[in-house]
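Report on the following structure.
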Amino acid sequence: MDNSDILTRHEDAITEITTDAKFTPWINGKQYLPDQDVTIETIDPAVTLPITAIPACDSGDVDAAVKAAGDAYDREWAATLPAERATMLRKWVNVLRDHEDELTRLECLDTGKPIEQARGEVRAAFDTLDYYASLCRTINGDQIAASEDLHAYTRKEPFGVVGQIIPWNFPIWSLTWKLGPALATGNTSVLKPAQDAPLTAIRATQLSKNIFPDGVINVVPGTGSDVGNALTSHRDVRKVSFTGSRKVGELVMQNAANHIAPVTLELGSKSPFLVFPDANLSKVAQAIADGIYYSSGEICDAFSRTIVHKDICEEFLDAFLAAADEYTCGDPLDEDTTMGPLTTEDQYESVQEYISLGKKEGSNLVYGGGTPAESLEHGWYVEPTVFTDVDNDMRIACEEIFGPVQTIQTFDSYEQGIDLANDTRYGLSAGIGTKDISLAHRAAADLEAGIVYVNDYGPILPEAPYGGFKESGIGNDLGEESLNHYLQTKSVYMNLEDPTR
């Protein structure tokens, strides 16, 4: 397929998906139009064509959304029973499933993800909401043994209005990671989608109409400087959850600290994968390739640092290059495409700068590093890239690139390998390649990361907590553990005036 065919195909897809659609903020159970005439243009990164323009919110619109969320909480949502919340969540999931194809195409066009990957993530979003629907009835307090004239117990209560911010790399999946536990625990939400990829978050929320009470879910698209700052610093927002860069996460913490709102943060990473001499190299090489080239490397827990025992380095490199070769850039609307463009122009330029930097730093570019065929010249594509002869003090080894760039280092001993892997400010994920079960458990304990994969990359299950150590964040998304981040514990002491003996 040549460039003109791809352009035509995407023009047609954009027309089909946006005709009769209105992507606007969602406040108090309905589409909302801000007073100011400012819009955000979303771009199809495969062909750099505009998809649609979305009205941008400002601090005043955030005020309106927070008020709607607070009113909904006070009016009825705080009094809903867990079983009622579970029923509503499942109704929403069923409606979303009926729109799977629409949401998949939106996600593909808005992010540049290959459509097969987009479909898998849309289905994972459904599964996440369904999981939290099943947890609604598990939220209970505890009875505390006290004395014969005292009954003591705890209650688990929601915060009320929570502010949530999601990233552009996994929009619809991230939406459910935030809304699932927040709604299951009885909170109302004001959520800011990423300005670069807001379409599925907006559309999924529109599909909640007449399921949840008005004001329970509110979506306020806009810039981080306007909407993000207003939301995270709002004194009526009692809990903040953010997924994004470390730099912005620091600002979110500062804003929330001004009104003592607790935060959960899922931030950046520079995740290592340790490959030991006994590893199944073809299997491990494929896992690492999936961990850095899936979603064009725009993954928070991407395996961007491979640390290989020196005795098997050449053999591993051959296996890894073969695995990397399976990821080829193509049209995201093609079912056979394994790698799409980067989602934003800024990210494309940043990755290109890191590739140039890697060459200047003295590492060896052994694979990729360029842009693909002429037929894809209008998109923000970067080929799968591999650098060897990398030291830990090089910027490509210690800074998050957030693109399809792999660095390969070597180690001599177990202790050196662990030290190299842990020599980072981040700690979201890590990987281990070995056939030795004892070695795998030992390394899993020694690695400073919130998620450890052994001989594989993924899957990410809604049942398992997802969060990082060190500067990769605070707290967890997913799992039962995430419920605790949206609940406050109240202790009740009740005097029994006439105890029964």
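Is it the case that segment 105-114 has a residue that's aliphatic (A, V, I, L, M), open to solvent by less than 20 Å² (accessible area, probe 1.4 Å) and farther than 18 Å from A46 by Cβ? Full working, then the answer.
Residues of segment 105-114 that are aliphatic (A, V, I, L, M), as a first pass: 106, 109.
Next, from what is left, pick out any that are open to solvent by less than 20 Å² (accessible area, probe 1.4 Å): 106, 109.
This time we only want the ones that are farther than 18 Å from A46 by Cβ, so: none.
Checked against the condition, which is being aliphatic (A, V, I, L, M), open to solvent by less than 20 Å² (accessible area, probe 1.4 Å) and farther than 18 Å from A46 by Cβ, segment 105-114 yields no hits at all.
At least 3 residues that are of a type outside the set (S, T, Y) and either more than 18 Å from D278 (Cα to Cα) or open to solvent by 70 Å² or more (accessible area, probe 1.4 Å) (or both) in each: list the strands (runs of 3 or more DSSP E) lying fully within segment 414-501 that qualify.
On the way: elements: 429-433, 451-454, 487-495.
In segment 414-501, the matching strands (runs of 3 or more DSSP E) lie at 487-495.
Select from segment 382-397 the residues that are open to solvent by 50 Å² or more (accessible area, probe 1.4 Å) and out of contact with any helix residue (DSSP H, G or I) (no Cβ under 8 Å at 6 or more places or on another chain) and write down the one among them that is farthest from T371 (Cα to Cα).
In the first step, residues of segment 382-397 are kept if they are open to solvent by 50 Å² or more (accessible area, probe 1.4 Å); the result is 383, 389, 391, 393, 395.
From what is left, the residues that are out of contact with any helix residue (DSSP H, G or I) (no Cβ under 8 Å at 6 or more places or on another chain) are 383, 389, 393.
On the way: E383: 6, D389: 23, D393: 27 Å.
Across segment 382-397, the extreme among qualifying residues is D393.
Each row is one residue, and each column tells you yes or no for (1) surrounded by fewer than 21 Cβ atoms within 10 Å (Cβ to Cβ); (2) under 16 Å from I211 (Cβ atoms); (3) modelled with pLDDT under 95.
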{"site": "A65", "(1), (2), (3)": "no, no, no"}
{"site": "D71", "(1), (2), (3)": "yes, no, no"}
{"site": "R75", "(1), (2), (3)": "yes, no, no"}
{"site": "W92", "(1), (2), (3)": "no, yes, no"}
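Considering only segment 142-190, give the strands (runs of 3 or more DSSP E) lying wholly within it that have at least 1 residues that are open to solvent by less than 10 Å² (accessible area, probe 1.4 Å).
Working: elements: 143-147, 150-158, 161-165.
Where strands (runs of 3 or more DSSP E) fall fully within segment 142-190 and carry at least 1 residues being open to solvent by less than 10 Å² (accessible area, probe 1.4 Å), they are 150-158, 161-165.
Residues that are modelled with pLDDT of 95 or more, in a helix (DSSP H, G or I) and open to solvent by less than 10 Å² (accessible area, probe 1.4 Å): does segment 331-347 have at least one?
Scanning segment 331-347, I find no residue that is modelled with pLDDT of 95 or more, in a helix (DSSP H, G or I) and open to solvent by less than 10 Å² (accessible area, probe 1.4 Å), so the answer is no.
Go through G379, G403, G358 for me and flag whichever is open to solvent by less than 30 Å² (accessible area, probe 1.4 Å), part of a helix (DSSP H, G or I) and touching a residue at least 40 places away in the same chain (Cβ under 8 Å).
Details: G379 fails: part of a helix (DSSP H, G or I); G403 fails: part of a helix (DSSP H, G or I).
Step by step, each of G379, G403, G358 is checked, and only G358 is open to solvent by less than 30 Å² (accessible area, probe 1.4 Å), part of a helix (DSSP H, G or I) and touching a residue at least 40 places away in the same chain (Cβ under 8 Å).
Residues checked against (1) free of Cβ contacts under 8 Å to residues at least 24 places away in the same chain; (2) not charged (D, E, K, R):
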site	(1), (2)
S4	yes, yes
K30	no, no
D35	no, no
T39	yes, yes
V66	no, yes
A72	no, yes
L89	no, yes
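The values are calculated or read from the model by the stated rules, or taken from the named source; none is laboratory data. Please read these numbers as outputs of a predicted model, since none were measured by experiment. Glycine also receives a Cβ, built like all others from the backbone with ideal geometry; neighbour counts cover every protein chain displayed. Just the protein is used for accessible areas: all its heavy atoms, side chains included, with ligands, DNA and RNA removed. Shrake-Rupley method; radii C 1.70, N 1.55, O 1.52, S 1.80 Å.
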